[in-house]
Amino acid sequence: MALSRGQQGKYRQLVDAAYAAEAERLQGELPPKDTWRREINLAATGCYSTKQMNQLNQFDDVMMELAIMADDTFWIARLASAAERRIRWVIEKQFIPDLEFLEQRKLDWQYCKSICRQMGIPDRIEDCPALLLIRVLQAIDTHIRRLAGKAHVELIDLPSGYFRKGIRPADKAQAKYRHDHHHHHVKHGEAA
């Protein structure tokens, strides 16, 4: 999927800043900005155009390259923590709702900690580093699969069903439709 409109705007701003910084550093010995930008895209992502880039890894890769050139500490710090933010999002927005659906009760990070109690998980998800979050994600996914199997629930029928890999596109479309037209089964601690 190509970059979003918001990502395009952020990308263009950082291209301008990086190009200006490089022009100053090299005393103007740069190709035209559009040619230079495409060379950076290709080197950072393997894609010539932002229309060919995906919204995750490739966007992050080109933005990090530009941020370093522009000496933009905001973007450098933001991109360095991107993996942690994405994993936290999957846990909080996909896996916890799946667990709530299967357990029929409101759950939070503390429940996830109990699944992974031997890993020494921090009390707050925000304090969990990316490498540990990956292990937590795997453990929670295994737990979800175990609970779903015991309850005879197909993974496609979970709230996150349409996000899961290994599911046929037609089944994903059907699961997305169900997800979009029915609210999650557990809200505010009550089973629906």
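The values are calculated or read from the model by the stated rules, or taken from the named source; none is laboratory data. Only a predicted model underlies this, so the values are computations on that prediction, with no experimental measurement involved. Methodologically, a virtual Cβ is constructed for each residue, glycine included, from the backbone with ideal geometry; neighbour enumeration extends over all protein chains shown.
Step by step: first the residues of the range 127-184, then only those that are at pLDDT below 85 and of a type in the set (Val, Ile, Thr), then the one that is nearest to Trp109 (Cα to Cα). Which residue is that?
By that ranking, first place goes to Ile156.
Would you confirm whether any residue within the range 119-136 is under 13 Å from the mean Cα position of the chain (by Cα), in the same structural domain as Gly9 (by TED's automatic domain parsing) and touching a residue at least 40 places away in the same chain (Cβ under 8 Å)?
Looking only at the range 119-136, we keep the residues that are under 13 Å from the mean Cα position of the chain (by Cα), and these are 130, 133-134.
Filter once more, so that each one left must be in the same structural domain as Gly9 (by TED's automatic domain parsing): none.
Looking through the range 119-136, none of the residues is under 13 Å from the mean Cα position of the chain (by Cα), in the same structural domain as Gly9 (by TED's automatic domain parsing) and touching a residue at least 40 places away in the same chain (Cβ under 8 Å).
Of the residues in the range 45-65, how many are touching a Leu at 6+ places or on another chain (Cβ under 8 Å) and under 13 Å from Leu14 (Cβ atoms)?
Of the residues in the range 45-65, 5 are touching a Leu at 6+ places or on another chain (Cβ under 8 Å) and under 13 Å from Leu14 (Cβ atoms).
Give me the pairs: first residue in the range 82-106 and assigned to a loop (DSSP other than H, G, I, E, B), second residue surrounded by 14 or more Cβ atoms within 10 Å (Cβ to Cβ) and of a type in the set (A, V, I, L, M, F, W, C), beta-carbon distance under 7 Å, and six or more apart or on different chains, which are they?
Every condition considered, the pairs that remain are Gln104/Val186; Arg105/Val186; Lys106/Val186.
In the range 48-75, which residues are over 20 Å from the mean Cα position of the chain (by Cα) and surrounded by fewer than 19 Cβ atoms within 10 Å (Cβ to Cβ)?
Tyr48, Ser49, Ile68, Met69, Asp71, Thr73 - these are the residues of the range 48-75 that are over 20 Å from the mean Cα position of the chain (by Cα) and surrounded by fewer than 19 Cβ atoms within 10 Å (Cβ to Cβ).
Please enumerate the residues belonging to the range 35-58 that are under 16 Å from Asp16 (Cα atoms) and of a type outside the set (Ser, Thr, Tyr).
Scanning the range 35-58 gives Trp36, Arg37, Arg38, Glu39, Ile40, Asn41.
Do you know which residues across the range 98-111 are surrounded by 17 or more Cβ atoms within 10 Å (Cβ to Cβ) and either of a type in the set (Phe, Trp, Tyr) or in contact with a helix residue (DSSP H, G or I) (Cβ under 6 Å, 6 or more places away or on another chain) (or both)?
Applying the first criterion (surrounded by 17 or more Cβ atoms within 10 Å (Cβ to Cβ)) to the range 98-111 yields 98-102, 107, 109.
Answer for the range 98-111, where residues must be surrounded by 17 or more Cβ atoms within 10 Å (Cβ to Cβ) and either of a type in the set (Phe, Trp, Tyr) or in contact with a helix residue (DSSP H, G or I) (Cβ under 6 Å, 6 or more places away or on another chain) (or both): Asp98, Phe101, Leu102, Leu107, Trp109.
Does Glu39 fit the bill of being charged (D, E, K, R) and crowded, with 16+ Cβ neighbours inside 10 Å?
So Glu39 does not fit the description; no.
In the list Ala17, Ala44, which residue meets the criterion of being at pLDDT below 90, surrounded by 14 or more Cβ atoms within 10 Å (Cβ to Cβ), in contact with an Asp or Glu (Cβ under 7 Å, 6 or more places away or on another chain) and assigned to a helix (DSSP H, G or I)?
Being at pLDDT below 90, surrounded by 14 or more Cβ atoms within 10 Å (Cβ to Cβ), in contact with an Asp or Glu (Cβ under 7 Å, 6 or more places away or on another chain) and assigned to a helix (DSSP H, G or I) holds for just one of Ala17, Ala44, which is Ala44.
Please give the number of the condition Asp71 fails out of (1) touching a helix residue (DSSP H, G or I) at 6+ places or on another chain (Cβ under 7 Å); (2) assigned by TED's automatic domain parsing to the domain that holds Gly149; (3) at positive phi.
In the conditions (1) touching a helix residue (DSSP H, G or I) at 6+ places or on another chain (Cβ under 7 Å); (2) assigned by TED's automatic domain parsing to the domain that holds Gly149; (3) at positive phi, Asp71 misses (2) alone.
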